[in-house]
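Asks: Shown below is the structure under consideration.
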Amino acid sequence: EDVFEGRDRGTGELKWTGSRVDLVFGSNSELRAIAEVYGSDDAEQKFVRDFVAAWDKVMNLDRFDLA
């Protein structure tokens, strides 16, 4: 696994480390906000409802017999 290091430019001291996933979630505020909502302790029902709604929408958009 790749681990990236952030160092102080002046001293060269190691400030932080992170994986590719850490960098993606850290740099994309919208993705981070969504992950925080669905990752909270009481979000299971919200995740299930939102997932089912999105799945239903995608599946129905592919049905040409309904148009």
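No lab work stands behind these numbers, since they all come straight from the coordinates. These numbers were taken from a predicted model, which means no experiment stands behind them. Note: ideal-geometry Cβ built from the backbone for every residue, glycine included; neighbour counts use all protein chains shown.
Asks: Evaluate the following for Ala53: is it among the aliphatic types (A, V, I, L, M), surrounded by 11 or more Cβ atoms within 10 Å (Cβ to Cβ), part of a helix (DSSP H, G or I) and without any contact (Cβ under 8 Å) to a residue 24 or more places away in the chain?
Replies: Criteria not met by Ala53.
Asks: Still on this structure, please answer the following. Do we have any residue at all in region 15-38 that's β-branched (Val, Ile, Thr) and either touching a residue at least 12 places away in the same chain (Cβ under 8 Å) or part of a loop (DSSP other than H, G, I, E, B) (or both)? Don't jump to the end; show me each part of the working.
Replies: Taking region 15-38 as the starting set, the residues that turn out to be β-branched (Val, Ile, Thr) are 17, 21, 24, 34, 37.
Those still in the list that are either touching a residue at least 12 places away in the same chain (Cβ under 8 Å) or part of a loop (DSSP other than H, G, I, E, B) (or both) too: 17.
Scanning region 15-38 turns up at least one residue that is β-branched (Val, Ile, Thr) and either touching a residue at least 12 places away in the same chain (Cβ under 8 Å) or part of a loop (DSSP other than H, G, I, E, B) (or both).
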